Amino acid sequence: MEFYTDQNDLNKLDRFTPPKGSNKDKGNAGILDIFVASILKIQNLAKISVDNSSKFIGYVIFMALLVSLMSFAVPTASRIYSFGGFSKLFRESIPTFKVSDGVLTADKKFEMSLSNADILIDTSKSEFQQRDFEETGVYIAFGSRNVKMVNFIKTDSSTSYNELYSYPIKMVIPNGVDNSILEKMAPFFYASMVFVYLIQAVISSVKYIFMALMFALFSRSTTAISKLDMTFKDSVHFCFYCQTIAILLVTANLAIGEIIPGLFMSIIGIVITVVVIMKAIKPHLPDIDEYLDKFGGSDKFDMFK
């Protein structure tokens, strides 16, 4: 039997032979498939990370929007719905008020709790002082001449009072503004909620990409020897997917009012992510003989037996 061995044609063929590692994106997993695998099929995450590299950006956007939805959009929307929308809030719920010559006047005191802060209005005082706050929380407090945002923490042994900002009323609310003007501005407030929602999503994406980078550095000695030919980029994608369970738990805890303290929940999230990373990469690690073969075979280590 004769074989075709024309070297020129074989050289042409070599030019079309893909180099090692160029078979990325050969998988067809969608974003929802990755999401399900990140929760229910952890053992598939490493291979998905290598085979579906182009899906990473889409998954980051998906998770960022989901986190912002859980932590901001749903709690805020439910609160807005509870008082009938911004138009009804400005028309019926808040006190009748007006700003004249840089002074806010209102016909009664007012308190309202939002997802991240409590709004206080009391124009009987020029501005709020530390003694006006009794319970731990974040407050946006309107006096007749000043508005400030305050972070107040009270424990059995100490009290912490921090003014995040403090401005004269005239710098925040123009003269002549009253309930009717705010009612007409309701569409602007809805648009502002959408803007804040998107900003929250961007912040979440940056935060969790950074965390994925840190986890990838931490686990690189393990992912580098896997059978999947994982690049560092693949490792970052892999570690981002492995954060999914922790992200959902931390965000859910925040959305329901931090039943578990935030710092402690963050530590739990880190531990969960490390466990998921180890569990997901384990099926793809070589046994000891395969690992030693990379160094020229196990025969070189016979002298230590």
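Bear in mind that the values in this text are calculations on the coordinates, not laboratory data. Bear in mind the structure is a predicted one, so any value in this text is a computation, not a measurement. Using ideal geometry, Cβ is built from the backbone for each residue, glycine included, and neighbour counts are taken over all protein chains shown.
In terms of overall dimensions, the range 26-91 has a Cα radius of gyration and Dmax of 18.0, 58 angstrom. Just to confirm a number: summing +1 for Lys and Arg and -1 for Asp and Glu over residues other than Ser71 whose beta-carbon lies under 13 angstrom from that of Ser71, what do you get? Taking every other residue near Ser71 into account, the sum is 0.
Placing one equal scatterer on every Cα of the range 231-276 and applying the Debye formula, the log10 ratio I(q)/I(0) at q = 0.17, 0.31 Å⁻¹ is -0.49, -1.04.
In the range 157-204, one over the average inverse separation of all distinct C-alpha pairs is 14.1 Å, which is the Kirkwood hydrodynamic radius. Contact order, relative form, for the range 166-275: 19 percent (alpha carbon pairs under 8 Å, 6 or more residues apart, mean separation divided by residue count).
Projected label points at Lys154 and Ile259, each 7 Å from Cα along the beta carbon direction, are separated by 2.6 nanometres. For the range 135-224, the Stokes-Einstein estimate of translational diffusion at 20 °C and a viscosity of 1.002 mPa s comes to 122 µm²/s, using the Kirkwood hydrodynamic radius over alpha-carbon pairs. Calculation over all alpha carbon pairs of the range 49-147 in 10 angstrom steps from 0 returns a P(r) of 13, 31, 26, 14, 9, 6, 1 percent.
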